[in-house]
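For reference, the structure is listed below as structure tokens.
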Amino acid sequence: MLFKEVCDIFNKIESTTKRLEKMDYFIELIKLTNKKGSAEDLKKICYITIGRVFAEYENKELGIGPSLLIEAVKTIGIDEKKLLNTIKETGDMGMAVEKLSSDIKQISLFQTPPTLDDIYDTLKKISEIEGANSQKKKIRHISSLLLKASPLERRYIVRLILEDMRIGMNVPTILGAFSVYFNIPKEKLEKIYAVVNDIGLIAEKLMLNVDIDNDEDLKLRIFRPIKPMLAQLIPSIDDAIIEMGAPQFETKYDGARVQIHKKNKDVKIYSRKLEDITNSIPEIVEEVKNMDVNNIIVEGECVAIDLKTGHPRPFQDILRRFRRKYDIDKMKEEINLRVYLFDILYYNKPLIDLPLKERREILENIVGTNDWEKDKIKIENEIKSKKKIDISYKLTTDNIKKALEFYKWSLSIGHEGVMIKNPNAPYTPGSRVKTMYKFKPTLESLDVVITKAKIGMGKRKDWYGSFEISVRDEEGNLYPIGHVGSGLSEEELGKLTEMINSIKINEIDGETIVEPKIVLEVTYEEIQESDKYECGYALRFPRVVRIRDDKSVDDINTIDDVKRIFAIQKGKSKKFMKGD
Ligand code: ATP
């Protein structure tokens with residue numbers, strides 16, 4: 001299939017804002033593939049549509065930043081200044097390169113137009129280039145791709161390299177198109193997607209007409225991480241008890257989520273973003289290897305424990321461990337980790353459809369119990385131990401007083417609050433569910449992404465010191481909601497400056513526009529309604545709690561979350577503070 005044929009349809013998709021029309025155009029693409037291409041082609045098209053060359057679960061990026069891309073564009077004859085000005089005008093490097101195509105050196109007229117495979121395979125190859133001269137080699141490959149392409153194709157190649165296709169298509173819309181074309185209920189496809197986390201694989205299987213209910217590749221599988229089930233905030237413990245009867249309360253640990261996969265002696269550990277962090281936490285891997293079970297997927301919270309107090313150390317300490325590539329043994333001594341397991345998703349077979357109480361029983365049979373009412377003394381004795389793997393502290397009750405006592409005790413040992421889980425609920429990957437709540441003492445913090453940055457003043461003049469922060473809508477469009485500058489240490493400002501320099505897109509009116517990649521967790525005094533921002537809300541006195549390296553732009557809060565917190569805040573006062 002020619003890449004041009006795909007781009008022509010991308011152009012049509014981009015030209016409409018209507019979701020249904022976008023879906024119809026995508027169906028055209030499926031039909032075209034059916035006629036001229038293969039199942040493998042549709043797989044590649046799906047990845048490209050969402051700005052990737054790898055499956056989502058693989059968590060691999062192309063790793064070509066805007067500055068390297070600009071270098072490549074320069075080598076084909078486009079003047080840098082002109083390029084930067086056109087980016088400023090259009091706000092889009094893809095469009096800018098398309099517009100300046102007449103400046104590009106001509107190559108032979110008899111050049112064959114690039115195929116879908118040419119583009120996809122070359123980009124995949126570029127991502128694998130490592131070692132000496134790798135930058136130069138990458139630039140060479142990119143420029144030869146751009147030289148071969150037509151102006152419209154260049155728009156999409158540039159955007160694909162920047163992993164932002166700007167055609168307004170996301171996985172739910174693609175699934176919607178599949179649902180119509182292949183006549184399968186969308187909910188069914190969504191359920192499969194949540195487990196495989198790979199839109200290309202689903203496309204390929206549908207094209208091959210497999211029995212999607214029974215295909216082994218479409219089931220939960222060890223070493224293919226799944227998106228975690230997420231919780232909602234609940235304003236009071238009473239509400240949860242009214243809703244669930246006798247929920248399973250668990251300590252909400254102040255740490256970072258991990259998903260552990262084990263098959264015989266092979267172990268892999270994934271972060272919340274599904275990054276493979278196995279090599280950075282060898283002591284946990286060792287402990288899991290020694291567990292007397294095979295073929296399991298378990299989930300838990302990894303906490304840095306201060307062995308003197310038994311309390312958790314700052315969240316950044318865990319991230320320092322997860323990010324670490326060198327001196328791991330030294331770090332191991334410095335920052336002591338423990339994983340509190342709270343769920344089991346696979347044991348010789350997928351368990352996610354079982355109710356939580358049955359999954360917990362299986363987990364307890366493997367790791368032991370930690371029933372707060374019965375085991376409180378044992379738990380308190382073990383808090384300062386060097387135990388590496390434990391099971392979460394649990395209390396199942398319909399008694400509000402007891403639940404509150406457990407909540408306060410969880411806070412007293414330094415953790416965030418409690419999780420409140422419906423014992424009868426299955427595990428729903430990738431969704432923020434109403435069967436698992438979190439209850440914390442403060443107003444919910446927000447995860448936002450940096451969209452612009454400004455150099456600081458005075459003492460902060462060498463760093464970026466103020467950041468425009470944005471939330472997203474369901475489609476993934478970003479909306480600014482405030483500017484934040486406080487709450488960051490000098491070390492963090494230095495780190496942010498380095499990160500921003502590597503994802504810089506452009507500079508307009510003294511502000512640096514960046515790729516939306518850095519996630520911050522912020523608190524604020526309150527959410528206000530505001531005309532200043534398109535989303536209609538603004539954060540009053542936002543303050544950074546931490547840089548959330550463990551989250552990506554897909555994980556940030558949505559405008560709906562902001563609306564929900566705004567509503568809670570309005571009716572807050574007494575009800576919200578119950579349990580304080
Ligand atoms: P937060 O920012 O509040 O940590 P989040 O956005 O990371 O939340 P949520 O689903 O909203 O994720 O909150 C649940 C998180 O709490 C889980 O992702 C997990 O990392 C953590 N957690 C700590 N203890 C537990 C527990 N016992 N059971 C489940 N999750 C727990």
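The values are calculated or read from the model by the stated rules, or taken from the named source; none is laboratory data. Only a predicted model underlies this, so the values are computations on that prediction, with no experimental measurement involved. Glycine also receives a Cβ, built like all others from the backbone with ideal geometry; neighbour counts cover every protein chain displayed. The accessibility values were calculated without ligands, DNA or RNA, using every heavy atom of the protein model including side chains. Shrake-Rupley method; radii C 1.70, N 1.55, O 1.52, S 1.80 Å.
For the reader, a short list of remarks on this structure follows.
- Cα Rg, Dmax, the chain, angstrom units: 25.1, 81
- Radius, Kirkwood style, for region 436-580 when every pair of distinct Cα atoms is counted (Å): 15.8
- Taking all pairs of distinct alpha-carbon atoms in region 491-553, Kirkwood radius in angstrom: 13.5
- In straight-distance terms, cross-link reach from Lys402 covers every one of the aspartates and glutamates whose alpha-carbon lies under 20 Å from its own, apart from those fewer than eight places away in the same chain; here that gives Asp238, Asp239, Glu243, Glu250, Asp371, Glu373, Asp375, Glu380, Glu416, Asp580.
- Projected-area average for region 242-353 over all orientations - Cα convex hull basis, square nanometres: 8.8
- Remark: region 282-329 is approximated by an ellipsoid whose semi-axes, taken from the C-alpha gyration tensor as √(5λ), come to 22, 15, 11 Å, largest first.
- Rolling a 1.4 Å probe across the protein heavy atoms gives the chain an accessible surface of 45 Å² per residue.
- Rg/Rh for region 467-524, where both radii come from Cα atoms and Rh is the Kirkwood radius: 0.96
- Count Lys and Arg as plus one, Asp and Glu as minus one, and take only other residues whose Cβ is under 11 Å from that of Met419; the net charge is then +1.
- Sites listed here are GluC sites (Glu not before Pro) in region 85-146 whose DSSP assignment is loop and whose Cβ has at most 12 other Cβ atoms within 10 Å: Glu130.
- The calculated FRET efficiency for the pair Thr309 and Glu491, based on their C-beta separation and a Förster distance of 25 Å, comes to about 0.60.
- Trypsin sites (Lys or Arg not before Pro) restricted to region 84-188 and DSSP loop, no more than 14 other C-beta within 10 Å: Lys105
- When each of Lys219/Lys357; Lys219/Lys551; Lys188/Lys388; Lys18/Lys438; Lys60/Lys495 is checked by Cα-Cα distance, pairs over 32 Å: Lys188/Lys388; Lys18/Lys438
- With every protein chain in place, the chain: carbon and sulfur % of accessible area (1.4 Å): 48
- Selection among Leu478, Leu341, Gly414 by position relative to the dipole of region 328-486 gives Gly414 as farthest towards the positive end (Cβ unit charges, Cα centre).
- Among the listed pairs Lys88/Lys125; Lys227/Lys273; Lys262/Lys421, those with a Cα-Cα distance over 20 Å are Lys88/Lys125; Lys262/Lys421.
- Tilt relative to the chain, helix 151-161 - C-alpha long axis, 0 to 90 degrees, to 10: 20
- Label-zone membership for region 403-435, site Ile383, 7 angstrom Cα→C-beta point, backbone N under 19 Å: 403-419
- Separation in nanometres of the label points that stand 7 Å from Cα toward Cβ, at Asp292 and Asp103: 7.0
- Computed lengthening from Asp213 to Asp560, 0.36 nm per intervening residue step minus Cα-Cα distance: 121.6 nm
- When all alpha carbon pairs of region 39-163 are counted in 10 Å bins from zero, the resulting P(r) reads 13, 46, 34, 8, 0 %.
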